[in-house]
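Right, one structure below, let's go through it.
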Amino acid sequence: MSDKNKTTAGGGPGAEILPELKKDVAHKGYLSKETMAAVAGQAGIPLNSVYGVASFYSYLPVSPVGSNVIRVCNCLPCEMKDGTVVVEGIRREIAIGPGQTTPDGKFTLELVSCIGACDQAPAMMINDRLYGDLTADKIAGILKSY
Amino acid sequence: MAEKRIVLGNCGAVDPQDIGSYLKAGGFKAYGKARGMKPRAIVEEVKKSGLTGRGGAGFSCGLKWEMALNARGGQKYLICNADEGEVGAFKDKYILSHDPFGLIEGMLIAGLAIGARQAYIYLRDEYHSLNSLLVSAIEQAGAKGYLKDTDIRVFEGAGAYVCGEESALMNSIEGQRGESRYKPPYPAARGLWNMPTIINNVETLMNVPHIINKGAGWFSAMGSGRSKGTKVFSVSGDVSRPGVYELEIGSPLRELVVDLAGAAEVKAIQIGGAAGNIIPGYMIDTPLSHETFLGSGSVVVFNSTRDIIDIVYSDMRFLSEESCGKCTPCREGTEVMLEILGRLRQGEGHERDINSMEELARVMAAASLCGLGQAAAVPVLDSLRYFYNEYIDRVGQSHFLRSYLGGELVELKEGMR
């Protein structure tokens, strides 16, 4: 995964929390209880507050995920361009469905809200990289490149 | 009428990675001019221009700035809302990736106007790939000495549509759950860390340098009624040329979806995202403005093969998923709507379902805490208004299934879908 360190915070209290959690996700893949406890300790707030924050955001996983997270757009413009091809194509290649991780821990598949690539529907992201105008053939090639 | 590229004027013409290219195209001239103006004069100019918020709400930008200028607070903040999350919206992504310096200049002028020493670009996580471009643009502007009055930082979201709502966005920066706040107080009075805060959409800020350069009169000569200037749209769905287009406000919808984007056999169009208006194809000559339909600029086109109930179901699935959960009308209302729409599309609906949705829609619009819940029922009500027969037909099919086939023939029902 690419480094998300560049995001700068500053400002008043709490401004470091989201960047800190994102940095941990970038490095460790997900937020373990220990990681969240460390962030809570630094910020001087209870662990359950940090868990409350982390569990609110789709891109801050609180349980282990694969080393590559596939996020398939689950909204109308992608759905209209035969969006089921994407999930079915992924299932055929790596035998997982939404919410699942491959046994080797290489991929996790998630359905997500609009990723802003409606002009290249159907689209998905793997980690931070966007793939658009997807077809079953294209998906096989993309997954093999990881 | 063709496209009128003002906000998008630099897109493709200027190198987004090189401030020199932007300066050569006349960049930061407006900022220089604004530095010679009193803050109140900048606010007056923007107020006179009639510029309104381009994120969907359409509130007067100048009035908002005036409130922040008049507000008392040791520190004032400016936030550029780059959390573009409406379904079908990708115009801000286009702007950010092609003209980051234009945005920075707009933000610096806004900073001068309201007296904000600290500004943020709240960038959605999905656009993380643009982070380094923005940071580099900010650094280049800093190296040229432009950030002396207002410092700009990029703050990344973490995947939550509701953070595009301004109070949820501020909570997110403060390291909290992205839940909406009760209003008042409005952000211009008490916003980020309880200080006066202005939150403007990317496109709104992009207009500002042009207004300062060419004057309020030039800007307000464009548009229709009280909707001035141009609007940037992102068009997708059943069109042959999906993409980002800029038109003078007041241009007919037909020009956007048929002439530019290449739609044919238009059955319906949804404007403004999942909670936006759904209008029938026969209204395609409607001029686009705040008085009619504009929203955030997301336009999704549906041709005659599309099922309206499927469309509304997909909208509601998104909204129920993205409801922040703080207030009951939105959290529960979107779930109940989704359940009803799900039954209707499966051929398990009743007439009373339609009445229930209408009743629930009224409660959600009146009692929800923020725009998400207040607008969530808009596609339901619009589809009932313009495509009532499709609901009635589906209920009729449901009766048929129940009376003739009994409850077991699930496969047949699936086949009808």
- Item | Viscosity 0.890 mPa s, 25 °C: Kirkwood-radius Stokes-Einstein D of the range B:181-245 over Cα pairs, µm²/s | 164
- Just grab the label-to-label distance for residue B:72 and residue B:307, each label 7 Å out from Cα along the Cβ direction, in nm (one decimal). 6.1
- Note on the structure: Rounded to 0.05, the calculated FRET efficiency for the beta carbons of residue B:17 and residue A:128 at R₀ = 22 Å is 0.75
- Message: Taking the Cα centre as origin and putting +1 on Lys and Arg beta-carbons and -1 on Asp and Glu beta-carbons, what dipole magnitude results for the range B:308-416, to the nearest 20 debye?
- Response: 220
- Item | Share of alpha-carbon pairs per 5 Å distance bin for the range B:19-221, given as whole % | 1, 8, 17, 22, 22, 17, 10, 3, 0, 0
- Add +1 for every Lys or Arg and -1 for every Asp or Glu among the other residues with Cβ under 15 Å from the Cβ of residue B:381, and state the total. -4
- Task: Report the percentage of all Cα-Cα pairs in the range B:299-349 whose separation exceeds 14 Å, rounded to a whole percent.
- Result: 54
- Consider just the alpha-carbon atoms of the protein assembly as shown and return their Rg together with their Dmax, both in angstrom. 23.5, 79
- What area, in nm² and to one decimal, does the C-alpha convex hull of the range B:1-104 cast on average over all directions? 8.7
- Note on the structure: Distance in Å, no decimals, from the C-alpha centre of the range A:126-143 to the one of the range A:44-107 is 15
- Query: How would you rank A:108, A:101, going from fewest to most other Cβ atoms within 10 Å of each one's own Cβ?
  - Reply: A:101, A:108
- Query: Considering every Cα-Cα pair within the range A:53-146, what fraction, in whole percent, is farther apart than 15 Å?
  - Reply: 56
- Search the structure for amide H atoms under 5 Å from the amide H of residue B:198, placed 1.01 Å from N in the peptide plane, and list their residues when 5 or more places away or on another chain. B:77, B:78, B:79
- Roughly what % antiparallel, to the nearest 5, for the DSSP beta bridges in chain A? 55
- Got a sec to turn the phi values of the range B:215-225 into Karplus ³J(HN,Hα) couplings, 6.51 cos²θ - 1.76 cosθ + 1.60 with θ = phi - 60°, whole Hz, x for Gly and Pro? x, 4, x, 4, 5, 6, 6, 9, x, 8, x
- Note on the structure: Computed from the beta carbon distance with a Förster radius of 30 Å, FRET efficiency for residue B:117 and residue B:286 to the nearest 0.05 stands at 0.10
- Cα centroids of the range B:112-137 and the range B:176-233: how far apart, whole angstrom? 16
- Query: Using Cα pairs under 8 angstrom and six or more residues apart, how large is the relative contact order of the range B:121-236, in percent?
  - Reply: 14
- Area projected by the alpha carbon convex hull of the range B:127-260, averaged over all directions, nm²: 11.5
- Message: Relative contact order for chain A: what percent, with Cα pairs under 8 Å and sequence separation of 6 or more?
- Response: 20
- Item | Estimated vicinal HN-Hα couplings, Hz - the range B:123-133 in sequence order (Karplus 6.51, -1.76, 1.60; Gly, Pro = x) | 9, 5, 4, 4, 9, 3, 4, 8, 4, 5, 4
- Query: Could you give P(r) for the range B:210-287, binned at 10 Å from zero, as whole percent values over all Cα-Cα pairs?
  - Reply: 18, 46, 25, 10, 0
- Query: What is the distance, in nm, between label points placed 7 Å from the Cα along the Cα-to-Cβ direction at residue B:390 and at residue B:151?
  - Reply: 5.2
- For chain B, what is the relative contact order in percent, using Cα pairs closer than 8 Å and at least 6 residues apart in sequence? 17
- Query: Going toward the positive end of the dipole of the protein assembly as shown, with +1 on Lys and Arg Cβ and -1 on Asp and Glu Cβ, which of B:268, B:134, A:118 do you reach last?
  - Reply: B:134
- If the cut-off is 19 Å between C-alpha atoms, which lysines fall inside it for residue B:48, apart from same-chain ones fewer than 8 positions away? B:33, B:38, B:64, B:214, B:228, B:231
- Item | Estimated vicinal HN-Hα couplings, Hz - the range B:20-33 in sequence order (Karplus 6.51, -1.76, 1.60; Gly, Pro = x) | x, 5, 5, 5, 4, 7, x, x, 6, 5, 5, 4, x, 5
- Residue-normalised 222 nm signal for the protein assembly as shown, counting each DSSP H run of n ≥ 4 as -39,500 (n - 2.57), nearest 500 deg cm²/dmol, is -12500 deg cm²/dmol
- Message: Quick check on the range B:308-416: what are the equivalent-ellipsoid semi-axes from the Cα gyration tensor, as sqrt(5λ), descending, whole Å?
- Response: 27, 14, 11
- Query: How much net charge surrounds residue A:77 when only other residues with a Cβ under 15 Å from its Cβ are counted (Lys, Arg +1; Asp, Glu -1)?
  - Reply: -4
- Query: How many times 2.2 N^0.38 Å is the alpha carbon radius of gyration of chain B?
  - Reply: 1.04
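Every read-out reported here was derived from the displayed coordinates using simple, explicitly stated rules and does not represent laboratory data. Keep in mind that what you see is a predicted model, and the values were worked out from it rather than measured. Every residue, glycine as well, gets a Cβ built from its backbone with ideal geometry; the counts of neighbours run over all protein chains shown.
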